[in-house]
Amino acid sequence: MVNNIYITGFMGSGKTTVGQALAKSLGYQVTDTDKWIEEMEGQSISTIFKQYGEPYFRDLETNALQQISGNQLIITTGGGIIMRPENREIMKEKGEIIYLQCDLEEVFLRLNDDTTRPLLEKEDKSNVEKLYQSRLPFYEEADYTINTTGKSIHFIVQELKSLL
Ligand code: S3P
């Protein structure tokens, strides 16, 4: 059994839902980097992007990874957190990383009506696909990868528990 568990994956891959269900099942605490940032800044992710820009938000993500610690903690992360080498190093040092892989078509279905994610606001599908492809090698550095496409939360949690 491991200490801290980081859950990574593209927007819409189910990180928050799976993280909460896994935490409940393991008796772990769960924290989300986006929620942590919103609480610290007193602003939504969307507003932070609009007012200060993406690089500022990325600095907040690194700070969140540095600050959030504890024992037996599940940390769900924003989809872009794996872009910075420094962030990947912090996660590797402090715990195990799980990558929730999800087919892009399912991601599009899940995020169809989403209005909370700044990176989806202006982008057409082909740009989102480019973003997805460009991130794959970094997601794949995870300790464990699980394909969540078409699977129930219960099934995913059982699969994860058998891996950890
Ligand atoms: C982002 C994903 C979002 C959030 C922010 C940027 C990204 O989190 O951190 O909008 O760069 O992929 P989710 O992956 O939880 O949607």
With label points set 7 Å from each Cα along the Cα-to-Cβ direction at Glu121 and Gln72, the distance between them in nm comes to 4.1 nm
Could you pull out the chymotrypsin sites (Phe, Trp or Tyr not before Pro) across segment 61-157 that fall in loop regions by DSSP (anything but H, G, I, E, B) with no more than 10 other Cβ atoms inside 10 Å?
none
Which whole-number percent of Cα pairs in segment 117-164 have a distance greater than 14 Å?
65 percent
Between Asp34, Asp114, Asp143, where does the largest GNM mean-square fluctuation fall for the chain, given springs only between Cα atoms within less than 10 Å?
Asp114
Here the FRET efficiency for Ser25 versus Lys50, based on Cβ atoms and R0 = 41 Å and rounded to 0.05, is 0.65
Hydrodynamic radius (Kirkwood) for the chain, which is based on Cα pairs only, to one decimal in Å
16.0 Å
By how many nm would the segment from Met40 to Glu96 lengthen if fully extended, with 0.36 nm per residue of separation less the alpha-carbon distance?
17.7 nm
Between Glu89 and Asp103, 0.36 nm times their residue separation minus their Cα-Cα distance comes to what?
2.4 nm
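Quick note: the coordinates plus some simple rules give every number you see, no bench work behind them. Every value quoted in this text rests on a predicted model; they were computed, and no experiment measured them. Methodologically, a virtual Cβ is constructed for each residue, glycine included, from the backbone with ideal geometry; neighbour enumeration extends over all protein chains shown.
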